[in-house]
1. Using 20 Å as the Cα-Cα cut-off, could you pick out the over-long pairs in 198/236; 168/378; 133/198?
2. Rolling a 1.4 angstrom probe over the protein heavy atoms, how many square angstrom per residue are accessible across the range 193-235?
3. If we count every other residue with Cβ under 11 angstrom of residue 374's Cβ, Lys/Arg +1 and Asp/Glu -1, where does the sum land?
4. Over all alpha-carbon pairs in the range 133-174, figure out the percentage whose distance exceeds 11 Å.
5. Ordered by packing density, taken as the mean number of other Cβ atoms within 10 Å over each peptide's residues, highest first, how do 332-339, 317-324, 128-135 rank?
6. What FRET efficiency comes out for residue 144 versus residue 65 if R0 is 25 angstrom and r is the Cβ-Cβ distance? Round to the nearest 0.05.
7. Check each of the trypsin sites (Lys or Arg not before Pro) in the range 142-171 and keep only those in coil by DSSP with at most 14 other C-beta atoms within 10 angstrom; list them in order.
8. Using a Debye calculation, one point per C-alpha and no hydration shell, please list log10 I(q)/I(0) for the range 110-160 at q = 0.19 Å⁻¹ in order.
Amino acid sequence: MPVGNHVILNDLTVGGFNLLDTNVGQYTSIEYFNTLFDPFPKINIGTLDYKNNILPNLKNDQPITINIGMENGGDSLNYTFMPQKEVNVNDRSMSKQTAMKSKMFDVVGIDEGYLNMKAFGHMSKSYDTQVSKMMEDFVKNVLKSNASFQAEDTKGNQRFVARGNPAKVFGHYLSRSVSPNNKGSAYVLYRPDYNTYKYESIEKMITQGPIATYQQRTTLAGASEQERLNSIQYIKVYGSNKNDWSHLKGTQQRSYDPDTGKATWPKTNPSEFKVAGQLQDPGLPPWVQKVNHYNREYERTQHSRNNTKSATDVMRNRADRAAYLNTLSKNYAEIAVPFNTVLKPGYMINLEIPAKASDTSGNEKFSGPSLILNVNHKLLPGGRGVSYVRVTKGGGQEQSGA
């Protein structure tokens, strides 16, 4: 059995057009993308429309449903998308030769919550609660989702006025989240599957056990079918010693403390984040000590005694969060493995990569547990598919507490 033939496509419907019915059309490719840093998964379906009269008339309110299972059981990818308004149907009949009257189309689908957020317009809400509660309100009332919401607690209640474009307000929520246990406070909202939203810190994610183990092999000769399915087909490690701190602009802000009548500044000590394996955290940039206070940006903070402690923690943690995300972005690897629906952002997998005496690629440093950042499932007709996965070795910091 060829690797990837363990995939079963149970449903693929585009606006009432059944792409599993070969009498009217078929799919030529399916590409599903989900990332830890965006709660809106996407799908791109290459189609061959034999009738040439259905897909061109696809409406924005006609759902795209997909269900992909596995012969050996386990998780299934069961999702409902909506046609993306900006990129509805791309006609490829002029760029690629097709048979007789049939036409080829690319159909792009996106999570319905994204369209609801775009249609929401202007937000104007006032909060005095945990940021995790603000995010739950955002999911339920802006994204208008009935999916379950699971959240890691954030530190303290905060006074915050959410006003403006919902996408911009969403970014403010992330930047204000302070973890009671982890210094980095790198919270993300992501959607591992259709029925669930999760809001938690990356440092908490790495405490999970791995859901699967993949091994890089020099040869598959004599390997069992399960060993073939758990083999790493391709790996590329990315890393850089160059510290680009331009994205930290605005993180070294001060907060007003009404108790003392003074402004408080973020600490400039090394971040002391730990990372798994042999990777090193670059720490905070040297210019933090040198920047003149008069050139730093001010933080608009309510002069409220109730807001003092939370506001100070937010400012102190923004620099740590940026430094931590910088570490993750520069120490990651991309692997290709046989199609597997169990692979989802926010979960850990175990990699077994043998070290070689003459190997200078650094691949072996990714042996051991790694966190899934992005998943790109690609499926072709005949049940063959590949999962491209981006992983990181980034961890939390040694001592708890912000």
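1. With Cα atoms farther than 20 Å apart: 198/236; 168/378.
2. With all protein chains present, the range 193-235 gives 51 Å² per residue.
3. 0
4. Percentage above 11 Å: 69.
5. Top to bottom by mean Cβ count within 10 Å: 317-324, 332-339, 128-135.
6. The formula returns an efficiency of 0.85 here.
7. Filter output for the range 142-171: 144.
8. Computed log10 I(q)/I(0) values: -0.69.
The values are calculated or read from the model by the stated rules, or taken from the named source; none is laboratory data. Computed from a prediction, not measured in an experiment: that's the story for all the values here. Every residue, glycine as well, gets a Cβ built from its backbone with ideal geometry; the counts of neighbours run over all protein chains shown. The accessibility values were calculated without ligands, DNA or RNA, using every heavy atom of the protein model including side chains. Shrake-Rupley method; radii C 1.70, N 1.55, O 1.52, S 1.80 Å.
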